[in-house]
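Enquirer: Starting off with a structure, shown below.
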There are 2 protein chains.
Amino acid sequence: MGYGTYLALIPPELLAGKQLVETPMRHERQRAEAAVNLAVQGQAVAVVSSGDAGIYGMAGLLLETLERRGLTETIPWEVIPGIPALAAAAARLGAPLTHDFAVISLSDLLTPADTIRRRLQAAAEGDFVTVLYNPCSTRRTTLLPEALALLAAHRPSDTPVGFVRNAFRDQETIWIQPLAQATTEGVDMRTIVIVGSSTTRRIGRAMFTPRGYYPPDNV
Amino acid sequence: MGYGTYLALIPPELLAGKQLVETPMRHERQRAEAAVNLAVQGQAVAVVSSGDAGIYGMAGLLLETLERRGLTETIPWEVIPGIPALAAAAARLGAPLTHDFAVISLSDLLTPADTIRRRLQAAAEGDFVTVLYNPCSTRRTTLLPEALALLAAHRPSDTPVGFVRNAFRDQETIWIQPLAQATTEGVDMRTIVIVGSSTTRRIGRAMFTPRGYYPPDNV
């Protein structure tokens, strides 16, 4: 069970003999209810998320749905980890996450914008490499420029910002800009944005956060 | 090429016909140099990390080594993402990472302890779910209790803290404690610690961070 776009990514041989339940985008609560209904009927149900189901994915809502229906102890469940979008995007950019980082979704559908701003501020003050999920939607376009401006106030102007759209999939796009000049052109909900920390820098076509194996002076 | 413990995790059929270069723990710079030397000789070299090579793994140091030797443009390279330890641990604990989180290594071998403290403080102020890598070594035992105390000053006393040792491997161990009573017993370098945010709570045997699909009052 899952959003059609995600089901289409599954190799056909894994789907042989299985019933496919395609669910529309949004409507996550109904999807979780439907999955639990099938499990109550005795079926083995796999709810598929893109990337890792535990990182902004369906794992939490499924647990919550089991709890609300008093089924936590009666329906066996397991979370299967995957390669999160943050790891796929980082790999395409080089090695931006080889030191401490913070992960923030800019979606304000379920989270108040002020909570998001508070976290951006904390990420800036902690000098975390900062991974932004859901950076822009067609409706919401101002939080990303705001986030970049907030981080730019705390980091060198040439701090690299990496953008990866559709990592390891069709129409993959990868680009890197200096923080002070970063624009939001081409960014959509399927883009992961990684803003470097104060020590992140370019190496050739890549961006890279040193772990400290070599002192900075020696570079 | 890699640390022997990691090479031993690779299914034998993937190793057929390949030369294995086992490298000792630590000595990461020498390992990177040796890998680059083999690549310069024209060999296709895969340096293996545990989990994801881009998250506290070897990817960054390899890029840095190519740069120092002026080989960034001449030796083709690629980073292959994997399932990071944070995603594996989260899956075993339930769904602690379905909202914003910060990732901090407590290893002070290459990072000054004051930088680590600054990031812990920022993670506390941002109310991030906080993932701790390298929480304890035989030599370094005080930073983890300090980190837990710092976070406990900002979060409810019953905030769940999840501990996962050897996720999805032999001798896997999983336990959850309330933050105010959390102890460091049984924690070692192979343990991932996930401290909940102010909204993280228990569901049955799991820990769970709500994304906001249901208002808190309705639970």
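Enquirer: Taking segment B:73-114 as the region of interest, how many residues are in contact with a strand residue (DSSP E or B) (Cβ under 9 Å, 6 or more places away or on another chain), of a type in the set (V, I, T) and either outside the structural domain of B:S197 (by TED's automatic domain parsing) or crowded, with 24+ Cβ neighbours inside 10 Å (or both)?
Expert: 4
Enquirer: Among what's in segment A:14-29 and is within 14 Å of another protein chain (Cβ to nearest Cβ) and outside any loop (DSSP other than H, G, I, E, B), pick the residue that is modelled with the lowest pLDDT.
Expert: Per the stated criteria, the residue is A:E28.
Enquirer: Another question about this same structure. How many residues does segment B:87-114 contain that are facing chain A (nearest Cβ under 8 Å) and in a helix (DSSP H, G or I)?
Expert: Of the residues in that region, 5 qualify.
Enquirer: Residue check: is A:V131 more than 9 Å from chain B (Cβ to nearest Cβ) and more than 24 Å from A:Y214 (Cβ to Cβ)?
Expert: Against the criterion (more than 9 Å from chain B (Cβ to nearest Cβ) and more than 24 Å from A:Y214 (Cβ to Cβ)), A:V131 qualifies.
Enquirer: Further, regarding this structure: Identify all residues within segment B:35-57 that are modelled with pLDDT under 95 and aliphatic (A, V, I, L, M); write none if there are none.
Expert: B:V48
So that you can scan it fast, the table gives a plain yes or no per residue for (1) in contact with a helix residue (DSSP H, G or I) (Cβ under 6 Å, 6 or more places away or on another chain); (2) modelled with pLDDT under 95; (3) surrounded by fewer than 21 Cβ atoms within 10 Å (Cβ to Cβ); (4) in a loop (DSSP other than H, G, I, E, B):
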| residue | (1), (2), (3), (4) |
| --- | --- |
| B:A124 | yes, no, no, no |
| B:V131 | yes, no, no, no |
| B:P135 | yes, no, no, yes |
| B:T138 | no, yes, yes, yes |
| B:E146 | no, no, yes, no |
| B:A149 | no, no, yes, no |
| B:H154 | yes, no, yes, yes |
| B:F163 | no, no, no, no |
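Enquirer: For A:S197, only one of the following conditions fails: (1) modelled with pLDDT of 95 or more; (2) part of a loop (DSSP other than H, G, I, E, B); (3) away from chain B (no Cβ under 13 Å). What is its number?
Expert: Tallying (1) modelled with pLDDT of 95 or more; (2) part of a loop (DSSP other than H, G, I, E, B); (3) away from chain B (no Cβ under 13 Å), A:S197 fails exactly one: (3).
Enquirer: Tally time: how many residues in segment A:62-85 are more than 7 Å from chain B (Cβ to nearest Cβ) and more than 14 Å from B:I203 (Cα to Cα)?
Expert: Number of matching residues: 1.
Enquirer: Report yes if some residue within segment A:170-178 is within 14 Å of chain B (Cβ to nearest Cβ) and in contact with a helix residue (DSSP H, G or I) (Cβ under 6 Å, 6 or more places away or on another chain); otherwise report no.
Expert: Checked segment A:170-178: at least one residue is within 14 Å of chain B (Cβ to nearest Cβ) and in contact with a helix residue (DSSP H, G or I) (Cβ under 6 Å, 6 or more places away or on another chain).
Enquirer: If you check A:L110, A:L9, which single one turns out to be at pLDDT below 95, within 30 Å of B:P76 (Cα to Cα) and out of contact with any Leu (no Cβ under 7 Å at 6 or more places or on another chain)?
Expert: After applying the criteria, what remains is A:L9.
Enquirer: Here's a follow-up. Within segment B:169-201, work out how many residues are within 27 Å of B:Y214 (Cα to Cα), surrounded by 18 or more Cβ atoms within 10 Å (Cβ to Cβ) and without any contact (Cβ under 8 Å) to a residue 60 or more places away in the chain.
Expert: 2
Enquirer: Which condition breaks for A:T159 when tested against (1) under 16 Å from the mean Cα position of the chain (by Cα); (2) of a type in the set (S, T, N, Q); (3) within 15 Å of A:F208 (Cα to Cα)?
Expert: Condition (1) is where A:T159 drops out.
Enquirer: Starting from residues that are in contact with a Phe, Trp or Tyr (Cβ under 7 Å, 6 or more places away or on another chain) and of a type in the set (A, V, I, L, M, F, W, C), keep the ones in segment B:40-61 and report whichever is nearest to the other protein chains (Cβ to nearest Cβ).
Expert: B:L61
The values are calculated or read from the model by the stated rules, or taken from the named source; none is laboratory data. What you see is a predicted model; the values in this text were computed from it and never measured. Backbone-built Cβ (ideal geometry, glycine too); neighbour counts: all protein chains shown.
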